[in-house]
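**Student:** Here it is, the structure in full.
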Amino acid sequence: MMGGTAGVSGRRDVDESLLDDPAALAERDPGGMLRFTASAGAQVRESAALTAETNLTALADDGRPRAVVIAGIGTAGRTGDVLATVAGPRCPVPVIPHRSAGVPGWVGAADVVIAVSASGRSPEALGAAEAAHRRGARLVAVGAPDSQLQAVAERARAPFIPVPRRAPARASLWALTVPVLLAARTLGLVKVNEADLAETAARLDADADRCRSTAESFVNPAKSLALGLAGSIPIVWGSSPLATVAARRFGDTLSANARYPVVSGALGEAGRGRVGLLDGVFGGLAEGMRDIFADQEETEVEGTRLRLVLLRDGGLNPEDDADEPLAVEERRADAVQTLAERRGVRCDVVTAEGGSALERLASLVAVPDFAAVYLALAHGLDPMAVPAITEMKELANQ
Ligand SMILES: O=P(O)(O)OC[C@H]1O[C@](O)(CO)[C@@H](O)[C@@H]1O
């Protein structure tokens, strides 16, 4: 197979009408990615119940650890980022996401390793679980039942929290995240309570309803976000550490489902560097050309342009720990919107809602998760197929 024909088929331009045709959407989504995305709230409830059935006392017995390492790759790795932000900057114990096989050299008996893998077989999670056992660290494993990861946990006599498998792993973000948070709660590192979980699940359900395939583009926030992004290079910035996790997650799903290149990260850091993209050939320069041609017959100027998606975390809970005062984050978010406006770069804003950090995160992840699927479908791409990843694994012999 040659470039262009290898991998999935699709169309370069989006078919807008397809998004308002639920039957056509279902046909182009044979694996049911929309259905999996809509199960986020159910995943929270199911994983909370499965964690409650797991005996985690071995984890708590030795008291507060020196450090917690969350080991896994891809979506499993993102759960470590979620834990680090929910634990917050004043967490007395370092919370360290780790994305390569094994564990950092300093990990020992005083530490806890949480190994996460949706399939239960990633070399990164398996290597970490085995290394944790060898070094005498406390281990808890999260992943598919009856998997290699479960076998390693059993050999190590470590708790294993089963998460029923959904293919692909990126559709399991909430199912994997909740056990990680609850394991950390057992260690006294986060304050997530049952009401937070219930409210988070309810918000994910409500957003899934707003984003359902039968809701038309003009009332469906995910479809309109997808159409706004069509043909652009998305820049996704988060106003706070929590919103930055959501921004990175949107980068993951836009790349994996819709195959869009994305710049994503923290607005605080971007403001000291990458904000310069707004002045570049895909930003202000391209928009300037559009203005020149707008006076002439030609209204449509060819060329790819940036589209800014700003995820704003209103920080509604005053008890939340924060690195920076909310006012600083808010001023920065206002500033980048002004910058984009001055350069003619279109900007979509998603604002967090909800009381707890977890619910606010859910409110920033839910609509973008659907938008990435709709963008794939509008291009005629099967959001679930990942031929390049499979080919990469074959070629790299992994
Ligand atoms: O959660 P798992 O099964 O360990 O997979 C890790 C990552 O590997 C992939 O399956 C790609 O191989 C991603 O989709 C996933 O997030």
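**Student:** Based on what the data block shows, is Asp313 touching a strand residue (DSSP E or B) at 6+ places or on another chain (Cβ under 9 Å), of a type in the set (Asp, Glu) and within 22 Å of Arg274 (Cβ to Cβ)?
**Tutor:** The answer is yes for Asp313.
**Student:** Inside segment 341-356, can you point out the residues that are in a strand (DSSP E or B) and among the β-branched types (Val, Ile, Thr)?
**Tutor:** Looking only at segment 341-356, we keep the residues that are in a strand (DSSP E or B), and these are 346-351.
Across segment 341-356, the qualifying residues are Val349, Val350, Thr351.
**Student:** I would also like to ask the following. Evaluate segment 161-171: report whether one residue or more is part of a strand (DSSP E or B), within 16 Å of the ligand (Cβ to nearest atom) and in the same structural domain as Ser47 (by TED's automatic domain parsing).
**Tutor:** Residues of segment 161-171 that are part of a strand (DSSP E or B), as a first pass: 161-162.
Subsequent filtering for residues that are within 16 Å of the ligand (Cβ to nearest atom) retains 161-162.
Going one step further and asking which of them are in the same structural domain as Ser47 (by TED's automatic domain parsing), we end up with 161-162.
The answer is yes; a qualifying residue exists.
**Student:** Does segment 240-270 hold any residues that are within 16 Å of Ala378 (Cα to Cα) and either open to solvent by less than 10 Å² (accessible area, probe 1.4 Å) or touching a residue at least 40 places away in the same chain (Cβ under 8 Å) (or both), and which are they?
**Tutor:** Kept after step one, since they are within 16 Å of Ala378 (Cα to Cα), are these residues of segment 240-270: 253-260.
Listed by number, the residues that qualify are Thr253, Leu254, Ala256, Asn257, Ala258, Arg259, Tyr260.
**Student:** Moving to a separate point now. Any residue at all in segment 14-33 that's loosely packed, with under 14 Cβ neighbours inside 10 Å and either in contact with a Phe, Trp or Tyr (Cβ under 9 Å, 6 or more places away or on another chain) or more than 27 Å from Cys211 (Cβ to Cβ) (or both)?
**Tutor:** no
**Student:** Of the residues that make up segment 357-373, is at least one crowded, with 24+ Cβ neighbours inside 10 Å, outside any helix (DSSP H, G or I) and not hydrophobic (A, V, I, L, M, F, W, C)?
**Tutor:** The answer is no; no qualifying residue exists.
**Student:** Check segment 369-379 and report whether any residue there is farther than 22 Å from Arg11 by Cα, of a type in the set (A, V, I, L, M) and in contact with a Leu (Cβ under 6 Å, 6 or more places away or on another chain). I'd like the intermediate steps shown before the answer.
**Tutor:** As a first pass, look at segment 369-379 and keep what is farther than 22 Å from Arg11 by Cα: none.
No: segment 369-379 contains no residue that is farther than 22 Å from Arg11 by Cα, of a type in the set (A, V, I, L, M) and in contact with a Leu (Cβ under 6 Å, 6 or more places away or on another chain).
**Student:** Which number in (1) under 16 Å from His133 (Cα atoms); (2) surrounded by fewer than 18 Cβ atoms within 10 Å (Cβ to Cβ); (3) among the β-branched types (Val, Ile, Thr) marks the one condition that Val107 misses?
**Tutor:** If we test Val107 against (1) under 16 Å from His133 (Cα atoms); (2) surrounded by fewer than 18 Cβ atoms within 10 Å (Cβ to Cβ); (3) among the β-branched types (Val, Ile, Thr), just (2) comes out false.
**Student:** State which residue is nearest to Asp348 (Cα to Cα) when the search covers only segment 184-226 and only residues that are in a loop (DSSP other than H, G, I, E, B) and of a type in the set (Val, Ile, Thr). Break it down stepwise before answering.
**Tutor:** Filtering segment 184-226 for residues in a loop (DSSP other than H, G, I, E, B) gives 187-193, 211-220.
Going one step further and asking which of them are of a type in the set (Val, Ile, Thr), we end up with 190, 192, 214, 219.
Working: Val190: 32, Val192: 30, Thr214: 23, Val219: 15 Å.
Among those that are in a loop (DSSP other than H, G, I, E, B) and of a type in the set (Val, Ile, Thr), it is Val219.
**Student:** Collect the residues in segment 33-51 that are touching a residue at least 24 places away in the same chain (Cβ under 8 Å) and not polar (S, T, N, Q), keeping them in residue-number order.
**Tutor:** First, the residues of segment 33-51 that are touching a residue at least 24 places away in the same chain (Cβ under 8 Å): 33-34, 36-48, 50-51.
Listed by number, the residues that qualify are Met33, Leu34, Phe36, Ala38, Ala40, Gly41, Ala42, Val44, Arg45, Glu46, Ala48, Leu50.
The values are calculated or read from the model by the stated rules, or taken from the named source; none is laboratory data. Bear in mind the structure is a predicted one, so any value in this text is a computation, not a measurement. Ideal geometry is used to build each Cβ from the backbone, glycine not excepted, and the neighbour counts take in all protein chains shown. All accessible areas refer to the heavy atoms of the entire protein, side chains included, with ligands and DNA or RNA removed. Shrake-Rupley method; radii C 1.70, N 1.55, O 1.52, S 1.80 Å.
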